[in-house]
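Below: the structure, in structure tokens.
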Amino acid sequence: MTDKTIGIVMGSDSDLVTMKEGISVLREFGVNFDLNVISAHRSPERAHSYAIEAEKKYDVIIAGAGGAAHLAGVIASLTPLPVIGVPMLTPGLGGLDSLLSMVQMPSGIPVPTMGIGKSGAINAALLAIQILSVTDPKLRQKVSAYKRKLADEVTKKDNAVRTEFGL
């Protein structure tokens, strides 16, 4: 297990279903994480405190939120750490509201934003791991092995499809 730690914060406990996908990836790679529910709108003081204290605890933050989805931006505005946004799927607008709230950050406050929902949570975890791997050669080796595994799976699927059609 790496000594690096990723902070995961989400705007609501309902976001946990999505964020569990990224947590699984972090566990697969043996990366430490912490998990909090903090709303930028309903608990702004906690969001502020979390962001101010984050540098003492974490190396990267993953922030998942839906709707207005300001959590990632609020955190990013208050910490020098990288903050990766995960927009949640929403019933009214399908997550487009969440996505646009995250990607339309003003210049100077970058929030790399993943896709909406579960694939976004997975990619956020992978991006956080890749960021950590810049200074952790063992973690970088795990990332390389993971990518080789993905490529091997595609090759197997290609062979199966080609075999099915006698090619």
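The values are calculated or read from the model by the stated rules, or taken from the named source; none is laboratory data. Just so we're clear, the structure is a prediction, and the values are computed from it rather than from any experiment. Positions of Cβ are generated from backbone atoms using ideal geometry, with glycine treated the same way; all protein chains shown enter the neighbour counts. Quick note on the areas: whole protein, heavy atoms, side chains included, nothing else; ligands and nucleic acids left out. Shrake-Rupley method; radii C 1.70, N 1.55, O 1.52, S 1.80 Å.
Of the candidates 100, 139, 93, the single residue that is open to solvent by 40 Å² or more (accessible area, probe 1.4 Å), at negative phi and either in a loop (DSSP other than H, G, I, E, B) or in contact with a Ser or Thr (Cβ under 9 Å, 6 or more places away or on another chain) (or both) is 93. So, of the residues in the stretch 103-131 that are in a helix (DSSP H, G or I) and over 10 Å from the mean Cα position of the chain (by Cα), which turns out to be surrounded by the most Cβ atoms within 10 Å (Cβ to Cβ)? Out of the qualifying residues, it is 131.
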